[in-house]
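The values are calculated or read from the model by the stated rules, or taken from the named source; none is laboratory data. Computed from a predicted model, the values in this text were never measured in an experiment. Please note: Cβ atoms are built from the backbone with ideal geometry, for glycine as well, and neighbour counts cover all protein chains shown.
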Ligand SMILES: NC(=O)c1ccc[n+]([C@@H]2O[C@H](COP(=O)([O-])OP(=O)(O)OC[C@H]3O[C@@H](n4cnc5c(N)ncnc54)[C@H](OP(=O)(O)O)[C@@H]3O)[C@@H](O)[C@H]2O)c1
């Protein structure tokens, strides 16, 4: 299937590693120009070099940008730079790291605020910065305007010990659904993608933290996660990225307002 992504421009946040970087790799392989951002100059430049090398595209197809997505000014500047550099913007993928684990009394009010900044406000910041460019792209001769927000299975089914994630992701789902209604008439689609347990640096840190908290081995923690999925294994980042690439593609033009789990069947609800 032709995903219609050749020469499209994507901005992918939180892309120096993990799911963001894997999604950048998938979109580059489909012929996109990709701006990637993260907080660390060294990590994002390294990721850009690796991505160009792995996909065999010229270095200038990948634009590495330093940007903390919780900082509204940095976000506006980074998104504007990407659009200037590549001459527009078709696709925004919002993403960042995940918050720490713990239960209700483990966190201060400041911890709660930080988690909301990291996973909810960052999504809103990125969307507000990208919308004017996406609206232009939706009116172009070859229109394509997509927003895809990375959340978590915790948005549909709260995960024990992940209070901060459970709460902030639910906010993103509310934002995404509201926005899909508002910008649908402009031709912009808005969807969320909900990773289940997927092998990345974040997953490794999570299993270390939970193993210590519960005094069990990391292997036990990971076996428990794998066992929750109908497919009885942990996911691979390229499996997540393939689903993300489809949701931002041309053939996905009539899909908006959905929350797609990529979780090997970990969520047990009917819908
Ligand atoms: N992997 C899973 O199993 C899984 C499951 C459910 C949900 N998720 C969620 O999916 C998202 C991505 O997960 P992942 O596994 O890919 O995590 P990861 O490997 O830790 O990668 C997170 C990326 O976000 C960047 N980042 C972190 N904070 C940032 C900030 N404030 N501003 C800009 N960039 C920032 C990091 O780069 P720098 O450090 O260079 O800034 C890194 O590139 C997270 O929200 C995670 O909670 C993951």
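Annotations
Yes/no matrix, rows are residues, columns are (1) within 16 Å of the ligand (Cβ to nearest atom); (2) within 18 Å of residue 118 (Cβ to Cβ):
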site	(1), (2)
145	no, no
156	yes, no
162	yes, yes
169	yes, yes
175	yes, yes
179	no, no
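- Within the range 199-215, the set of residues being loosely packed, with under 13 Cβ neighbours inside 10 Å and either farther than 24 Å from residue 21 by Cβ or over 23 Å from the mean Cα position of the chain (by Cα) (or both) comprises 212, 214, 215.
- Residue in the range 191-210 that is away from the ligand (no atom under 14 Å from the Cβ) and out of contact with any strand residue (DSSP E or B) (no Cβ under 8 Å at 6 or more places or on another chain) present: no
- Just one of the listed residues (21, 61, 53) is buried (at least 16 other Cβ atoms within 10 Å of the Cβ) and out of contact with any strand residue (DSSP E or B) (no Cβ under 6 Å at 6 or more places or on another chain), and it is 21.
- Here residue 203 meets each of (1) in a helix (DSSP H, G or I); (2) within 19 Å of residue 151 (Cα to Cα); (3) at pLDDT 95 or above with one exception, condition (3).
- When the test is whether a residue is within 16 Å of the ligand (Cβ to nearest atom), under 25 Å from residue 6 (Cβ atoms), in contact with a strand residue (DSSP E or B) (Cβ under 8 Å, 6 or more places away or on another chain) and in a helix (DSSP H, G or I), residue 130 passes it.
- Qualifying residue in the range 216-223 (condition: buried (at least 18 other Cβ atoms within 10 Å of the Cβ), touching a residue at least 40 places away in the same chain (Cβ under 8 Å) and either out of contact with any strand residue (DSSP E or B) (no Cβ under 8 Å at 6 or more places or on another chain) or in the same structural domain as residue 101 (by TED's automatic domain parsing) (or both)): no
- Residue match in the range 158-170 (condition: assigned to a loop (DSSP other than H, G, I, E, B), over 27 Å from residue 92 (Cα atoms) and in contact (Cβ under 8 Å) with a residue 40 or more places away in the chain): yes
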